[in-house]
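FYI, it's all coordinate maths here, none of it is from the lab. Treat the numbers as computed from the prediction; the structure is a model and nothing was measured. No Cβ is skipped: glycine too gets one built from the backbone with ideal geometry, and neighbour counts run over all protein chains shown.
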Amino acid sequence: MKSKIKELVRKNIQALAPYSSARDEYSGKEGICLDANENPFGIYNRYPDPYQPALKAKLAQLKNTSPTQIFIGNGSDEAIDLAFRIFCEPGQDKALTFVPTYGMYEVSANINDVELIKLPLNEEFQIDRNSLQSYFSDENLKLIFICSPNNPTGNLLRTEDIEFILDNFNGMVIIDEAYIDFCDQASFIEKIERYPNLIVIQTLSKAWGLAGIRLGIGYMDEEVLSYYNRVKAPYNISTVNQQTALDALSNEADYQQKIKDILDEKEQLILNLSGLKGIRKIYPSDANFLLVEVDQADELYEKLINRKIIVRNRNSVIKNCVRISVGTPEENEQLLNALKEFSND
């Protein structure tokens with residue numbers, strides 16, 4: 001498969017000469033920098049390092065991988081968008097995903113003029129292998145997106161089904177592991193050596209509590225990374241965001257405590273929701289949120305909004321379902337108190 005990666009890449013991207021920034025041409029730390037038209041005064045007057053070596057080294061240490069297999073993006077959405085831009089000819093190629101799932105796959109497909117095939121998950125929100133076979137032979141199908149744990153359903157997709165796709169599909173497989181920190185499932189990062197066509201996306205937005213700095217990570221084969229580095233914006237991650245991420249990643253005890261607190265609160269939330277009138281079903285969750293089927297999702301959503309409690313109404317995607325993120329103990333208590341009042345109306 002490794003020799004075929006180049007064949008998957010759009011011809012214009014293969015031939016693309018990336019923008020050469022001042023920091024590409026001189027990456028030293030010492031000297032009088034008069035090369036990048038920067039303001040000589042100020043705290044953040046210098047452009048950031050375009051390849052984030054310190055941050056990649058820290059991530060490589062934490063994930064037991066190599067810095068040469070890491071892409072740092074402006075949120076996971078950049079890694080998703082670049083996959084379309086690198087591998088899909090607009091108006092010609094296709095991508096595939098399993099629904100319901102994260103909506104940005106479709107948005108990025110539409111922006112890049114790429115047809116997105118949406119195969120429904122089964123009743124257990126798992127991949128139906130039988131629905132896949134006919135697509136593997138489509139030469140215009142270049143990307144398959146898999147979100148696991150899945151959003152908005154919350155469950156892990158079966159490892160054997162994902163490996164079935166990796167073993168049988170000749171295009172790129174992007175596994176979105178935004179919520180992987182909240183479960184015991186091993187990351188697919190460890191399978192990149194075996195599958196050069198695999199891209200694993202993670203984020204600092206969820207378990208690390210850094211949604212505000214918009215920092216996503218793509219783990220991939222070095223050849224694939226070379227194309228990502230050609231196409232990305234030269235300075236896509238600010239100096240401030242790189243340092244903020246490094247500071248957080250250096251405090252793993254705080255990260256572990258956040259996960260424990262969230263999982264403890266999730267269990268309490270499940271326990272307290274289970275006894276409430278109007279709650280029909282709480283779906284199994286491997287993430288930091290719950291998909292909950294209720295009597296009337298639209299009505300419940302509006303009632304909660306009136307209390308300034310905001311959940312995600314997923315009724316248009318999964319009938320009468322809302323998605324509830326696990327909050328602080330105080331936030332969860334306010335939610336439960338409101339739901340108890342509604343059930344007594």
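Could you work out the percent of alpha carbon pairs in the range 192-321 separated by over 21 Å, rounded to a whole number? Counting pairs separated by more than 21 Å, the tail of P(r) holds 61 percent.
Under 12 Å Cα to Cα from LYS260, which aspartates and glutamates show up? Leave out anything in the same chain fewer than 8 places away. Correct list for LYS260: ASP181. Taking 16 Å as the straight-line reach from the Cα of LYS303, the lysines in range (excluding those fewer than 8 positions away in the same chain) are LYS277, LYS340. For the chain, the mean residue ellipticity at 222 nm estimated from helices alone is -10500 deg cm²/dmol, where every DSSP H run of n ≥ 4 contributes -39500 (n - 2.57) and the total is divided by all residues, rounded to the nearest 500.
On full extension, the segment bounded by LEU62 and ASN12 gains 14.5 nm, given 0.36 nm per residue less the C-alpha separation. Seen from all directions on average, the range 294-345 presents a Cα convex hull projection of 3.4 nm².
Using R0 = 45 Å, the C-beta based FRET efficiency linking LYS308 and GLU222 works out to 0.40. Working value for the chain: equivalent-ellipsoid semi-axes of 37, 27, 18 Å, each the square root of 5 times a Cα gyration tensor eigenvalue, largest first. Assuming R0 = 30 Å, can you tell me the calculated FRET efficiency for the pair GLU252 and ASN122, based on Cβ-Cβ distance, to the nearest 0.05? About 0.20, to the nearest 0.05. For the range 229-306 versus the range 104-124, the inter-centroid distance based on Cα atoms is 23 Å.
If you wrap the range 85-172 in the convex hull of its Cα atoms and look at it from every side, the mean projected area works out to 5.3 nm². Sparsely packed loop sites in the range 267-345 (the trypsin sites (Lys or Arg not before Pro) outside DSSP H, G, I, E and B with at most 15 other Cβ atoms within 10 Å) comprise LYS277, ARG307, LYS308, LYS319.
For the range 1-92, trypsin sites (Lys or Arg not before Pro) meeting the loop criterion (DSSP other than H, G, I, E, B) and having at most 11 other Cβ atoms within 10 Å: LYS29.
What would the Debye equation give as log₁₀ I(q)/I(0) for the range 19-139 at q = 0.19 Å⁻¹, counting only Cα atoms as equal point scatterers? Log10 of I(q)/I(0), two decimals: -1.12. The trypsin sites (Lys or Arg not before Pro) found in the range 181-219 that occupy coil by DSSP, while having at most 12 further C-beta atoms within 10 Å, are ARG194. Using only alpha carbons, the range 164-240 has a radius of gyration to Kirkwood radius ratio (Rg to Rh) of 1.00.
Relative to the current alpha-carbon distance between ASN140 and SER20, full extension at 0.36 nm per residue lengthens the span by 40.0 nm.
Over 28 Å apart at the Cα level, from the set LYS142/LYS232; LYS58/LYS258; LYS63/LYS308, are LYS63/LYS308. Computed over the Cα atoms of the range 117-268, pair by distinct pair, the Kirkwood hydrodynamic radius stands at 17.3 angstrom.
Taking 0.36 nm per residue of separation and subtracting the current Cα-Cα distance, fully stretching the chain between ILE32 and GLN185 would add 50.2 nm.
Antiparallel DSSP bridges in the chain: what percent, to the nearest 5? Among the beta bridges of the chain, antiparallel pairing accounts for roughly 50 percent. Residue-normalised convex hull volume from the C-alpha trace of the range 253-344: 91 Å³ per residue.
Projecting the Cα atoms of CYS33, TYR179, ASN64 onto the dipole axis of the chain, where Lys and Arg carry +1 and Asp and Glu carry -1 at the beta carbon, places CYS33 farthest toward the positive end.
May I ask for log10 I(q)/I(0) of the range 121-196 at q = 0.14, 0.28 Å⁻¹, from a Debye sum over the Cα atoms as equal point scatterers with solvent left out? Normalising to I(0) and taking log10 leaves -0.45, -1.52.
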